[in-house]
Amino acid sequence: MTHDRRIDELVDGALSGTLSRRAILQRAGALGLSVPLITGLIAASPRAAGAQGGELKLSSYSSDPEPRTAMEQTVADFSAASGIEVNLNTVNHEDFKQAIRTYLASGDPPDVLTWFAGNRARFFIDRELILPVTDVYQTEGWETAYPEGILAVSKGADGEYYFVPTNYYWWAIYYRPSLFQKAGIETPPATWDELLSACDALTEAGITPFSIGTKAPWPSAAWFDYLNMRTNGPEFHVQLTDGKAAYNSPEVKETFRHWRELLDKNAFIENPEALEWQDAVTPMYKGETAMYLMGGFIVDSYPDDGEEDLDFFRFPIINPDVPVGEDAPTDGFFAAAGAKNVEQAKQFLAYVGGRESQEKAAQELGRIAIHTEVPLEIYEPAVQKGIQMLQESDYIAQFYDRDTSPEMAEKGMAAFVEFWNSPDDVDSILDALDEERKRIFDAEA
């Protein structure tokens, strides 16, 4: 990149409000520019008059109270910095997943939308419904500021960047230490046999081992992810979610055999299909259940006065001969290919992908920022524990409904819930699911 081009990008970043004063000074110094000179260049730029202002339509799935408040604050901060008026439309998380195809296919889509990295983004990238933003990546220096694994799930098959990641989070088994103590469990289970023994001890103490709500089926997918990765390893799991391995294979049947062990122990709360995932937090808080396999965002819905008696541990090892995989879904934003306000959309993406915005969001929500310049010291001890757990893993998966195609995810999660209700029918359920795999991936080939 030429020296003049770098100066132009510095001016653009300053005018858009996406660069902090510190970042402006650092980049100016690297380019050999004095403070008065760069100030003069910014003021004299013909882009200065038109850089501020405009409008932007943003659709968000951040509908839970704390994430919604944080999103509203991000929008307010961006508007104050850029002068751009943002029309924020917040939609219930599950409704948003169903509506996004309609949004993007319309003649007037939102300019920017919240979404997920990996396969879920590539589904729309492959259909040319997402705007490429490689220029934003290059201007902002994100190719060196984001981890390699995150960069990989932000690209399309053409190597261009389309998705701007802002945060990711760990999954783990959350538990009540006081209930473990009551049941005589001295340490969190590290192996499958230890987990089964813990379930027995909790049941004997009159405590249901696990909470879960499957009214929306995705919490069941977490169980499949972990049981399959722990049984067969992340590589096999990727082959399966890519449609290259069979659901009725001996490997997957072994995964469901382990799942059946928990069902046979009545290890889960009754009638989970009647509960949203947040509803299943309540019996855990009340001491009726002891554990919950859930993402780090569970703390957003857990009562504040109970958080001192809430901890988490890594999903136990089943097969010690396979690498350790962890789910760490990556959230962020993209611009619609049909966006009417492209320049404003790119300014917003540059803002939310930057260090300052991500650091603030990390401090407010306790999520893990993508930008590597965000210091670890800002995080609470529990978050640092989650980061360490991810750093010690061998593979980072996105999550079942993000790692496979949307239709396959829908069929798979329905099958997981069906198995939950009718475990004796596992063979026919997996045979039918594999027929769906063949149909779906043959059609997409």
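The values are calculated or read from the model by the stated rules, or taken from the named source; none is laboratory data. Owing to the predicted nature of the structure, the values given are computational and were not obtained by experimental measurement. Cβ: placed from backbone, ideal geometry, glycine included. Neighbour counts: every protein chain shown.
Figures for the structure shown
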{"read-out": "Residue in the stretch 147-155 that is in contact (Cβ under 8 Å) with a residue 60 or more places away in the chain and touching a helix residue (DSSP H, G or I) at 6+ places or on another chain (Cβ under 8 Å) present", "value": "yes"}
{"read-out": "Residues located in the stretch 315-332, provided they are surrounded by fewer than 22 Cβ atoms within 10 Å (Cβ to Cβ) and in contact with a helix residue (DSSP H, G or I) (Cβ under 6 Å, 6 or more places away or on another chain)", "value": "P316, I318, N319, P323"}
{"read-out": "Any hit, the stretch 148-155, residues being within 19 Å of T330 (Cα to Cα), assigned by TED's automatic domain parsing to the domain that holds A335, modelled with pLDDT under 95 and in a loop (DSSP other than H, G, I, E, B)", "value": "yes"}
{"read-out": "Filter result for F236 (surrounded by 15 or more Cβ atoms within 10 Å (Cβ to Cβ), over 21 Å from D424 (Cβ atoms) and aromatic (F, W, Y))", "value": "yes"}
{"read-out": "Extreme residue, nearest to the chain's Cα centre (by Cα), among residues of the stretch 259-280 that are in a helix (DSSP H, G or I) and at pLDDT 95 or above", "value": "W259"}
{"read-out": "Listing of strands (runs of 3 or more DSSP E) fully contained in the stretch 303-378 that carry 3 or more residues being within 20 Å of A152 (Cα to Cα) and either at pLDDT 90 or above or touching a strand residue (DSSP E or B) at 6+ places or on another chain (Cβ under 6 Å) (or both)", "value": "325-327, 330-335"}
{"read-out": "Leading residue by the ranking (modelled with the lowest pLDDT) among those in the stretch 47-98 that are more than 30 Å from D304 (Cβ to Cβ), in a helix (DSSP H, G or I) and among the hydrophobic types (A, V, I, L, M, F, W, C)", "value": "A49"}
{"read-out": "So M284, is it buried (at least 21 other Cβ atoms within 10 Å of the Cβ), in contact with a Lys or Arg (Cβ under 9 Å, 6 or more places away or on another chain) and not polar (S, T, N, Q)", "value": "yes"}
{"read-out": "Pair list, Cβ under 6 Å, 6 or more apart: the stretch 203-217 residue surrounded by 20 or more Cβ atoms within 10 Å (Cβ to Cβ), other residue outside any loop (DSSP other than H, G, I, E, B) and of a type in the set (S, T, Y)", "value": "S211/T289; S211/Y292; T214/S220"}
{"read-out": "Count of the stretch 92-135 residues which are within 21 Å of T74 (Cα to Cα) and surrounded by fewer than 21 Cβ atoms within 10 Å (Cβ to Cβ)", "value": "3"}
{"read-out": "Verdict on I429 being buried (at least 19 other Cβ atoms within 10 Å of the Cβ) and not in a helix (DSSP H, G or I)", "value": "no"}
{"read-out": "Qualifying residue in the stretch 25-40 (condition: in contact with a helix residue (DSSP H, G or I) (Cβ under 7 Å, 6 or more places away or on another chain), modelled with pLDDT of 95 or more and not aliphatic (A, V, I, L, M))", "value": "no"}
{"read-out": "Any hit, the stretch 325-345, residues being of a type in the set (V, I, T), over 21 Å from the mean Cα position of the chain (by Cα) and under 30 Å from L240 (Cα atoms)", "value": "no"}
{"read-out": "Any pair with Cβ under 6 angstrom, 6 or more apart, that starts in the stretch 107-118 at a residue that is over 10 Å from A339 (Cβ atoms) and ends at one that is in a strand (DSSP E or B) and not hydroxyl-bearing (S, T, Y)", "value": "T114/F333; W115/F334; A117/P165"}
{"read-out": "Residue under evaluation P406, criteria (1) under 27 Å from Y302 (Cβ atoms); (2) within 17 Å of the chain's Cα centre (by Cα), criterion not met", "value": "(1)"}
{"read-out": "V352 being hydrophobic (A, V, I, L, M, F, W, C), crowded, with 17+ Cβ neighbours inside 10 Å and under 27 Å from F124 (Cβ atoms)", "value": "yes"}
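Per-residue answers, yes or no, for (1) outside the structural domain of A362 (by TED's automatic domain parsing); (2) of a type in the set (V, I, T); (3) in contact (Cβ under 8 Å) with a residue 60 or more places away in the chain; (4) within 25 Å of G149 (Cβ to Cβ):
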{"site": "R230", "(1), (2), (3), (4)": "yes, no, yes, yes"}
{"site": "Y247", "(1), (2), (3), (4)": "yes, no, yes, no"}
{"site": "E254", "(1), (2), (3), (4)": "yes, no, no, no"}
{"site": "I269", "(1), (2), (3), (4)": "yes, yes, yes, no"}
{"site": "D279", "(1), (2), (3), (4)": "yes, no, yes, no"}
{"site": "F297", "(1), (2), (3), (4)": "yes, no, yes, yes"}
{"site": "P316", "(1), (2), (3), (4)": "yes, no, yes, yes"}
{"site": "F334", "(1), (2), (3), (4)": "no, no, yes, yes"}
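The rows are residues; the columns are (1) in contact with a strand residue (DSSP E or B) (Cβ under 8 Å, 6 or more places away or on another chain); (2) surrounded by 19 or more Cβ atoms within 10 Å (Cβ to Cβ); (3) of a type in the set (D, E, K, R).
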| site | (1), (2), (3) |
| --- | --- |
| Y137 | yes, yes, no |
| E140 | no, yes, yes |
| W171 | yes, yes, no |
| Q181 | no, no, no |
